[in-house]
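K.L.:
Take a look at this one; I'll ask things after.
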Amino acid sequence: MKKRIPIVLLFILSLTVFARVIVPWTEDKMRNASDLIMVGTVTKVTDLDETNTSLWAGYKFRGVETTFNISKVLKGKVSGRTVIFAPL
């Protein structure tokens, strides 16, 4: 039993080799990188006919278009009170 504990611990610690390094973004860093920051309400979500399979083979990702009614703009300029986010 005592011989198994170091082997199990070594196995668990070796799994950390496969972990990815993730750099956490601070709120200031996100604010500086943003073109538009707004507060709004989702009014409409539409599935698009396009799909994307270039990142992961075997999976299909469907495009989605989301419409927001803006209640407050914190950064950036928007013409009108509606913003539509769609995939590029």
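K.L.:
Just from its helices, what would the mean residue ellipticity at 222 nm be for the chain, if runs of 4 or more DSSP H residues each count -39500 (n - 2.57) and the sum is divided by every residue, rounded to the nearest 500 deg cm²/dmol?
P.N.:
Details: 2 runs with 18 residues, N = 88.
The per-residue figure over the chain is -6000 deg cm²/dmol.
K.L.:
How far is helix 4-14 tilted, in degrees, relative to the longest principal axis of the Cα atoms in the chain, given as a value from 0 to 90 rounded to the nearest 10?
P.N.:
30
K.L.:
Roughly how much of residue 47 is accessible, in Å² to the nearest 10, using a 1.4 Å probe?
P.N.:
Only protein atoms counted, so the area is about 100 Å².
K.L.:
Please give the FRET efficiency for residue 77 paired with residue 23, using the beta carbon to beta carbon distance and R0 = 30 Å, rounded to the nearest 0.05.
P.N.:
0.50
K.L.:
Can you sort 75, 44, 60 by solvent-accessible area, 1.4 Å probe, largest first?
P.N.:
Working: 75 65, 44 115, 60 160 Å².
Ranked from most to least accessible, the order is 60, 44, 75.
K.L.:
So what's the Cα pair-distance distribution over the chain, bin width 10 Å, in %?
P.N.:
Reading the bins upward from 0: 12, 22, 25, 18, 12, 8, 2.
K.L.:
Quick one: ranking 30, 38 by accessible area, 1.4 Å probe, largest first, what do you get? Display every interim value, and only then the final one.
P.N.:
Working: 30 95, 38 45 Å².
Putting 30, 38 in descending order of accessible area: 30, 38.
The values are calculated or read from the model by the stated rules, or taken from the named source; none is laboratory data. Everything numeric here is computed off the predicted structure, so don't read it as measured data. Positions of Cβ are backbone-derived with ideal geometry, glycine not excepted, and every protein chain shown enters the neighbour counts. Surface areas here come from the heavy atoms of the whole protein model, side chains and all, with no ligands, DNA or RNA. Shrake-Rupley method; radii C 1.70, N 1.55, O 1.52, S 1.80 Å.
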